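Report on the following structure.
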């Protein structure tokens, strides 16, 4: 991510240290992860020490310090989805993509994450791909959704 | 500033408004054990070891004295049965992390804590935050910070800053109640500046 873009985001928030969290979130959504350079730049411009920023970005799960894939796959493993067979969905995705939850594949195609509830338990088991919710999943349907995402 | 009258362990104590209970007790020569407290640093309330029993209008409650402001006419007990029991448990929990810390062992003896009550998870850090806060507030270098949260929380040096500042400072080392800090620094140093002998042999 270029320095200009980061500066733009910081300027949008008037370079105030109190907007740190929002700035980091904006960079995260722009770039899908936080580079070391980005954090260094934010620290410099807002005059917030790097150890504080490091504390914050490692605290919230919304931030990632490693590159994320182009497609974000979230599998719900909350109670309702779990009893409806979320593990089988997870297994299918793991097999299709070759990655485990929390990982990203080498060509940055997918990032896989388990979540605890997506708020639509009646649709369980639920998976979310790039923000779109797919309900009542079966292993076959899961494979189809993944195939459609890539193409 | 107005004066506040309170009673600690049966002794009448005068304190200034805005003082913490711990400070008031220390001024009166009453000892309250602490782990994360340091007079040069802002109160942190991290270790909960300075917990005391406070009686207000006949009701007692347990408060952490290093972050509790003094109040008029309260009765404070620093060594009640309840307080001792809680301190014993705190020590036992901390010892799951740092079983061999001399400071903890002394306190364990005093409060009758059992070293092996909880399963060991020897991370050696008890998250007192002394090093982190000292570096930020007194040394003003910000070379060390916390990362992660919950059970994954740990201290971490920022290599770029640590490489420049820490070798000449090291003021945080003696603060650490478990000496884990020093080990962490040595590790970072070793990773940042690998000695020639530890580098992997080039393949022929």
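Summary of computed values
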{"read-out": "Alpha-carbon Rg/Rh ratio, for the stretch A:3-59, with Rh computed the Kirkwood way", "value": "0.90"}
{"read-out": "Using alpha-carbon coordinates, inclination of helix B:102-111 to the longest axis of chain B, degrees", "value": "30 degrees"}
{"read-out": "On Cα atoms only, tilt of B:159-169 relative to the major axis of chain B in degrees", "value": "70 degrees"}
{"read-out": "Most fluctuating residue given options B:179, B:80, B:65, as computed from a GNM of chain B linking Cα atoms under 10 Å", "value": "B:80"}
{"read-out": "Percentage relative contact order, the stretch A:34-119, counting C-alpha pairs under 8 Å, at least six apart", "value": "30 percent"}
{"read-out": "Virtual spin-label span in nm between residue A:138 and residue B:170, 7 Å along Cα→Cβ", "value": "6.8 nm"}
{"read-out": "Peptide A:39-51 - average C-beta neighbours from other chains (10 Å radius)", "value": "3"}
{"read-out": "Radius ratio Rg over Rh of the stretch B:135-191, counting only Cα atoms, Kirkwood formula for Rh", "value": "0.94"}
{"read-out": "Most mobile of A:104, A:87, A:58 in a GNM of chain A (Cα contacts under 10 Å)", "value": "A:58"}
{"read-out": "C-alpha center-to-center spacing [the stretch B:39-58, the stretch A:2-64] in angstrom", "value": "35 Å"}
{"read-out": "Per-residue average of Cβ from other chains inside 10 Å of B:140-149", "value": "5"}
{"read-out": "Radius ratio Rg over Rh of chain A, counting only Cα atoms, Kirkwood formula for Rh", "value": "1.06"}
{"read-out": "Calculated over the stretch B:29-89: convex hull of Cα atoms, volume per residue (Å³)", "value": "92 Å³"}
{"read-out": "Relative contact order of chain A, pairs being alpha-carbon contacts under 8 Å that are 6 or more residues apart, as %", "value": "20 percent"}
{"read-out": "Acute angle (nearest 10 degrees) that the helix A:3-12 long axis makes with the longest principal axis of chain A, alpha-carbon atoms", "value": "80 degrees"}
{"read-out": "Under the Debye formula (equal points on every Cα, no solvent term), log10 I(q)/I(0) of the stretch B:80-122 at q = 0.31 Å⁻¹", "value": "-1.06"}
{"read-out": "√(5λ) per eigenvalue of the Cα gyration tensor, chain B, largest first, Å", "value": "39, 21, 12"}
{"read-out": "GNM result for chain B, Cα springs below 10 Å: residue of B:135, B:66, B:169 fluctuating most strongly", "value": "B:169"}
{"read-out": "For the protein assembly as shown, the Rg and Dmax computed from alpha carbons only, in angstrom", "value": "25.8, 81"}
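We did not get these values from a lab; they are worked out from the coordinates using the rules stated. Since the structure is predicted, the reported quantities are computational estimates derived from the model, not experimental observations. Every residue, glycine as well, gets a Cβ built from its backbone with ideal geometry; the counts of neighbours run over all protein chains shown.
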